[in-house]
Amino acid sequence: MKRDSIGIVMAMQEEIRPILRRLGRHRKEQAGRFPVYIFQADGRQITLIESGMGTKKASEATEELISYAPPRILISAGLGGGVRKGLDVGDVVIAGQALALRKGGISTAATLENESMLRVLSESLAGHPFRIEGGTTVTTRSIVHKGRADQLIAREVVNPVLDMETSAVAETAARIGIPLFAVRAISDAAGEELLFSLDEITDQELNIRISKVLISIAKKPRILSQMLRLAKNAKLAGNNLAIVLEQLILVA
């Protein structure tokens, strides 16, 4: 089957909405159990699939996307958390390596060719008030303590960013032989340790439940201020991510 589109895998509506606004007119369809958004940009079809959080959903959604609209390239995109000093909220990382943090430690999911694209994006978006940096995604299965993650990640790893999907997308893309770009915007910098766990705010399928969020806030009122700050930071990071994705689509 001919691959003539660009496929994008993103987990959450909060990440997706800014790019929907930037790319404008689109149609919404369904690929299996996953929503997809289809655009035309510069004569190319862009198919964005909303995976939901976690590696299991990301893997399934990537498979579904490849079957639904076989892509020439894939982009795994979303928000992430900085592990070490040097990345500020709103900075955008183009990953050259995708790692996975599992019970047995750190493993490599994929090595990504990003040098030329990193250079092109850095030059074309130089006027924006955020940085575009090379780095490394580190995919986890839950919220982890950044100090602990920092100890597990080798010192030579450049700009590690925690997320919950990229390694699964990378492994699927590598198995099928589709080039991948991995892009993460920083929503929480290295000094921001999250004061809540996923279990406290999501169901077994990693869907955020407002009722659980409210219960968690009632039990630990101090997390409210952090959640409000994270929401503000996520909005900034999401808008920056959309700017980079729009340019990436044009030059990929």
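The values are calculated or read from the model by the stated rules, or taken from the named source; none is laboratory data. The structure presented is a predicted model; accordingly, all values stated were derived computationally and were not measured. We place every Cβ from the backbone using ideal geometry, glycine too, and count neighbours over all the protein chains shown.
Scanning the stretch 19-41 for residues that are farther than 16 Å from Val244 by Cα and either acidic (Asp, Glu) or in contact with a helix residue (DSSP H, G or I) (Cβ under 7 Å, 6 or more places away or on another chain) (or both) yields His26, Glu29, Ala31, Gly32, Phe34, Val36, Tyr37, Phe39.
For the stretch 10-40, the set of residues classified as of a type in the set (Phe, Trp, Tyr) and closer than 9 Å to Glu50 by Cβ consists of Phe34, Tyr37, listed by residue number.
Of a type in the set (Asp, Glu), crowded, with 20+ Cβ neighbours inside 10 Å and closer than 19 Å to Phe181 by Cβ, is that true of Glu15? Taking the combined requirement at face value, the residue satisfies it. Where strands (runs of 3 or more DSSP E) fall entirely within the stretch 1-87, those with at least 3 residues that are free of Cβ contacts under 8 Å to residues at least 40 places away in the same chain and aromatic (Phe, Trp, Tyr) are at 34-41. Summed over the stretch 194-252, the residues that are in a helix (DSSP H, G or I) and either touching a helix residue (DSSP H, G or I) at 6+ places or on another chain (Cβ under 8 Å) or surrounded by 13 or more Cβ atoms within 10 Å (Cβ to Cβ) (or both) give a count of 33. Is at least one residue of the stretch 188-209 within 17 Å of the chain's Cα centre (by Cα) and of a type in the set (S, T, N, Q)? Yes, the conditions are met somewhere in the stretch 188-209. Just to check your reading of the model, which residue among Ala168, Ala154 is more than 19 Å from Ala237 (Cβ to Cβ) and either at pLDDT 95 or above or part of a helix (DSSP H, G or I) (or both)? Criteria check complete, one pass: Ala168.
For Ile208, the test of being among the β-branched types (Val, Ile, Thr), touching a Ser or Thr at 6+ places or on another chain (Cβ under 8 Å) and under 25 Å from Ala77 (Cβ atoms) is passed. Considering each residue of the stretch 119-139 in turn, at least one proves to be in contact with a Ser or Thr (Cβ under 9 Å, 6 or more places away or on another chain) and either modelled with pLDDT under 95 or under 14 Å from Val9 (Cβ atoms) (or both). Scanning the stretch 159-193 for residues that are surrounded by fewer than 17 Cβ atoms within 10 Å (Cβ to Cβ), touching a strand residue (DSSP E or B) at 6+ places or on another chain (Cβ under 9 Å) and more than 28 Å from Ile73 (Cβ to Cβ) returns a single hit, Gly191. Residues that are at pLDDT 95 or above and touching a His at 6+ places or on another chain (Cβ under 9 Å) were ranked within the stretch 21-45; the one that is surrounded by the fewest Cβ atoms within 10 Å (Cβ to Cβ) is Ile38. State yes or no: is Leu162 in a loop (DSSP other than H, G, I, E, B) and either under 20 Å from the mean Cα position of the chain (by Cα) or modelled with pLDDT of 95 or more (or both)? In short, no.
The residues of the stretch 88-112 that are under 28 Å from Gln45 (Cβ atoms) and not in a loop (DSSP other than H, G, I, E, B), listed by number, are Val92, Val93, Ile94, Ala95, Gly96, Ala98, Ala109, Ala110, Thr111. The residue of the stretch 34-63 that is nearest to Arg141 (Cα to Cα), among those that are acidic (Asp, Glu) and within 18 Å of the chain's Cα centre (by Cα), is Glu60.
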